[in-house]
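Novice: Can you read through this structure? Questions will come right after.
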Amino acid sequence: TKAPVTVTVTGAAGQIGYALLFRIASGQLIDAETPIKLRLLEIPQAVKAAEGTAMELDDCAFPLLESIDITDDARTAFDGTNVALLVGARPRAKGMERGDLLEANGGIFKPQGEAINAGAADDVRVLVVGNPANTNALIAQAHAPDVPAERFTAMTRLDHNRAQTQLAQKLGVSVTDIRKLTIWGNHSATQYPDLFHAEVGGKIAAEQVEQSWLADEFIPTVAKRGAAIIDARGASSAASAANAAIDHVHTWVNGTPEGDWTSAGVVSDGSYGVPEGLISSFPVTARDGKFEIVQGLEIDEFSRERIDASVAELTEERDTVRKLGLI
Ligand code: NAX
């Protein structure tokens with residue numbers, strides 16, 4: 001058998017945590033041979049609920065699950081961790097301005113970045129799910145100077161998966177027929193799902209749909225899917241978000257298939273005019289355990305405008321957290 005991997009999940013008692021932990025423990029995060037040591041981080045009021053989830057994990061008798069530790073202390077939670085899934089965040093309360101939201105989350109992601117810096121394993125990989133995910137990831141990364149910046153990522157895989165199914169349903173094909181889809185920018189309503197590089201049956205997807213569908217239905221449906229789920233379920237996406245987190249880490253560790261890529265929020269190296277250092281979603285391949293931004297794509301005017309708009313929002317968020325002294 002392989003060496004165990006320590007996985008820390010924050011917000012473990014929340015709804016995404018509940019959908020995520022069982023899949024990690026059953027061997028879907030890395031592979032079906034790697035034993036898992038779980039660390040659950042919660043706020044003190046939610047530790048008891050996390051203990052309840054841990055009881056259920058015990059009751060599954062998962063062969064790969066070696067241990068479960070529950071704590072409300074970030075240093076303990078991230079000590080020696082290999083994979084950190086930062087799910088717990090401060091939700092936007094009624095009437096809260098964006099600055100207030102960023103500030104409240106800074107209070108969570110700054111100490112978590114510091115704790116990762118202090119104690120995580122050398123190979124630590126961090127995925128931020130908690131919103132605003134890109135900027136929360138930026139805050140954590142800024143406080144972990146000893147960890148390579150590329151190890152901090154933000155989740156746009158749910159948006160990617162949503163786009164995949166919308167396109168597959170439109171064209172009456174299987175999701176497995178779709179390649180090279182990209183979500184650009186921020187995990188927010190400004191995100192840009194790009195069909196101009198996506199391929200279906202080896203041909204460009206944008207050429208197989210009406211321009212009006214692409215601009216007026218596809219893009220807003222993908223970008224506003226989170227709100228549509230809340231409207232229908234009375235609660236935000238949970239199992240699909242957990243599924244995307246599993247996909248993100250599984251791809252990061254195991255790689256993308258030849259001739260395809262995925263989407264992830266990664267630290268910009270300046271590619272495609274995205275300011276260096278921002279954590280923005282790009283088309284990425286994964287090889288040898290590393291994400292790499294796909295280079296050399298031609299960006300037409302339609303795409304340029306939309307990428308720029310989403311990146312402008314990310315720049316604003318960064319400027320706000322800078323002013324607040326959070327990075
Ligand atoms: P819940 O409110 O059900 O759970 C959040 C949990 O985090 C709670 O149990 C809370 O006690 C805990 N928590 C709060 N502060 C903490 C801290 N400092 N340390 C540890 N735990 C802490 O939310 P849930 O539905 O699970 O969503 C979690 C986050 O994911 C939210 O920020 C949500 O906006 C975000 N999402 C991100 C998505 C993405 O694609 N990137 C999609 C789904 C989801 O909306």
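Novice: Distance between Cα centroids, the range 96-135 to the range 210-252: provide it in whole Å.
Specialist: Comparing the Cα centres of the range 96-135 and the range 210-252, I get a distance of 22 Å.
Novice: Give me Rg/Rg_expected for the range 157-317, where Rg uses Cα atoms only and Rg_expected = 2.2 N^0.38 Å with N residues. If you can, show how the numbers build up before the last one.
Specialist: Working: Rg = 15.0 Å, N = 161, 2.2 N^0.38 = 15.2 Å.
Cα-based Rg divided by the globular estimate yields 0.99.
Novice: Still on this structure, I have one more. Given springs between every Cα pair under 10 Å in a Gaussian network model of the chain, which of Gly226, Gly172, Gly80 has the largest fluctuation?
Specialist: Gly172
Novice: Another question, if that's okay. Report the calculated FRET efficiency for Glu298 and Thr1 (r = Cβ-Cβ distance, R0 = 56 Å), to the nearest 0.05.
Specialist: On the way: r = 46 Å, r/R0 = 0.83.
According to the calculation, E is roughly 0.75.
Novice: Here's another thing I want to ask about it. Report in % the part of the accessible area of the chain that belongs to carbon and sulfur, leaving out ligands and nucleic acids; probe 1.4 Å. Intermediate results must be reported in sequence, preceding the final value.
Specialist: Working: 6780 of 14120 Å².
Using a 1.4 Å probe with all protein chains present, the chain comes out at 48 percent carbon and sulfur.
Novice: Count the DSSP beta bridges whose two residues both fall in the chain, then state the antiparallel fraction as a percent rounded to the nearest 5. Don't skip to the end; give the middle numbers.
Specialist: Working: 19 of 42 bridges.
Looking only at bridges with both residues in the chain, the antiparallel portion is about 45 percent.
Novice: Given only helices, namely DSSP H runs of n ≥ 4 each adding -39500 (n - 2.57), what is the per-residue ellipticity at 222 nm of the chain, to the nearest 500 deg cm²/dmol?
Specialist: -12500 deg cm²/dmol
Novice: In a GNM of the chain with a 10 Å cut-off on Cα contacts, which of His197, His187, His160 has the highest mean-square fluctuation?
Specialist: Residue with maximal mean-square fluctuation among His197, His187, His160: His197.
Novice: Any chance you could give the angle, 0 to 90 degrees and rounded to 10, that helix 301-323 forms with the longest Cα principal axis of the chain?
Specialist: The two axes meet at around 30 degrees.
Novice: Which whole-number percent of Cα pairs in the chain have a distance greater than 38 Å? Walk me through the numbers before you get to the answer.
Specialist: On the way: 5973 of 53301 pairs.
Pairs farther apart than 38 Å: 11 percent.
Novice: Let me ask something else about it. Which chymotrypsin sites (Phe, Trp or Tyr not before Pro) in the range 1-97 pass both tests, a DSSP loop state and at most 14 other beta-carbon atoms within 10 Å? Don't skip to the answer; put the middle values down first.
Specialist: Details: sites: Tyr18, Phe22, Phe78; in loops: none.
Passing both the DSSP loop test and the Cβ count: no residue.
Novice: Give me the net charge for the shell around Asp177: Cβ to Cβ below 14 angstrom, other residues only, Lys and Arg +1, Asp and Glu -1. Please list the in-between numbers first.
Specialist: On the way: positive: Lys170, Arg179, Lys180, Lys203; negative: Glu199, Asp260.
Local charge sum for Asp177: +2.
Novice: Something else now. At 0.36 nm per residue, and after removing the present C-alpha to C-alpha distance, how many nm does the segment from Ser236 to Ile43 gain when stretched out fully?
Specialist: Computed gain between Ser236 and Ile43 is 67.4 nm.
Novice: Also: To the nearest 10 Å², what's Val266's accessible area with a 1.4 Å probe?
Specialist: Looks like 10 Å² after rounding.
Novice: Now for a different question. Per residue, how many Å² of accessible area does the range 157-317 show with a 1.4 Å probe? Walk me through the intermediate numbers first.
Specialist: On the way: 6930 Å² over 161 residues.
So the range 157-317 comes to 43 Å² accessible per residue, rounded to a whole number.
The values are calculated or read from the model by the stated rules, or taken from the named source; none is laboratory data. In this text, all values refer to a predicted model and were calculated from it rather than measured experimentally. Note: ideal-geometry Cβ built from the backbone for every residue, glycine included; neighbour counts use all protein chains shown. To get the accessible areas, we keep the full protein, side chains included, count just its heavy atoms, and leave off ligands, DNA and RNA. Shrake-Rupley method; radii C 1.70, N 1.55, O 1.52, S 1.80 Å.
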